[in-house]
Amino acid sequence: MTDLDLPPAELDVMSCLWRGQTTAADVRTALADTRPLSHSSVCTLLGRLEAKGLVERERGPVGKAFVYRPTLPAAGPRRTL
């Protein structure tokens, strides 16, 4: 699964996840300068990546936030922010 053709927005989200597991809010903050997105847009992108099997989520330790982590190693498709 190393030859994925992901849209630029999904690649940007994956770039954030390859730095370590994170929440949707953290992804939004990390992308704010280069790709400003609403929280719901980030959640939609994460949901699409999860449906493709590229991201896993689990309930975070506090509150309602999910923690996301990539299932694909960083050697796969990558876009530098």
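The values are calculated or read from the model by the stated rules, or taken from the named source; none is laboratory data. Just so we're clear, the structure is a prediction, and the values are computed from it rather than from any experiment. When the accessible area is computed, the model is the full protein with side chains, heavy atoms only, and any ligands, DNA or RNA have been set aside. Shrake-Rupley method; radii C 1.70, N 1.55, O 1.52, S 1.80 Å.
State the percentage of accessible surface on the stretch 6-78 attributable to carbon and sulfur atoms; use a 1.4 Å probe and exclude ligands, DNA and RNA.
52
Pairs of Cα atoms under 8 Å, at least six residues apart: use those to get the relative contact order of the chain, whole percent.
Here the relative contact order equals 44 percent.
Return the calculated 222 nm mean residue ellipticity for the chain, to the nearest 500 deg cm²/dmol, obtained by summing -39500 (n - 2.57) across DSSP H runs with n ≥ 4 and dividing by the residue count.
When only DSSP H runs of four or more count, the value is -11500 deg cm²/dmol.
Which of these values of semi-axes √(5λ) of the Cα gyration tensor in Å was calculated from the structure shown: (1) 32, 15, 10; (2) 18, 15, 11; (3) 61, 8, 7?
Label (2) holds the value from this structure.
In square angstrom, what is the accessible area per residue of the chain with a 1.4 angstrom probe?
60
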